[in-house]
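One structure is given below, encoded as structure tokens.
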Amino acid sequence: MTTLLTRKDAAAYLATKGIRSSQSTLARYAMGGNGPQYALIGRTAYYRPQWLDAWLEEQLTPHSHSLAHMLQDQRGGCDV
């Protein structure tokens, strides 16, 4: 049997992964086309846990610098 999650359940599932997301955020992502995959059954959106996991992995991009370094470069370096 396939596990299907409603938007409310999908938001709770993401919370167990440490990601704060609401039903309305998931709906906004769906409208913008940049969220996790989902299926419409009737007028209700359903998510599979593996679709949420795949989307979450796509969002994880390692960064080798911090914003502070970028701001420092824009100001012409550090005052010493």
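What follows is calculated from the coordinates using simple rules that are stated; it is not laboratory data. A quick note: this is a predicted structure, and the numbers were derived from the prediction, not measured. Every residue, glycine as well, gets a Cβ built from its backbone with ideal geometry; the counts of neighbours run over all protein chains shown.
Within the set of pairs 6+ apart or on separate chains, which have a first residue in the range 1-27 that is without any contact (Cβ under 8 Å) to a residue 12 or more places away in the chain, a second that is outside any helix (DSSP H, G or I) and surrounded by 12 or more Cβ atoms within 10 Å (Cβ to Cβ), and C-beta atoms under 7 Å apart?
none
Can you tell me how many residues within the range 7-38 are farther than 12 Å from Leu52 by Cα and touching a strand residue (DSSP E or B) at 6+ places or on another chain (Cβ under 7 Å)?
Matching residues across the range 7-38 total 1.
Looking at Tyr38, is it under 20 Å from Gln59 (Cα atoms) and in contact with a Gly (Cβ under 8 Å, 6 or more places away or on another chain)?
The answer is no for Tyr38.
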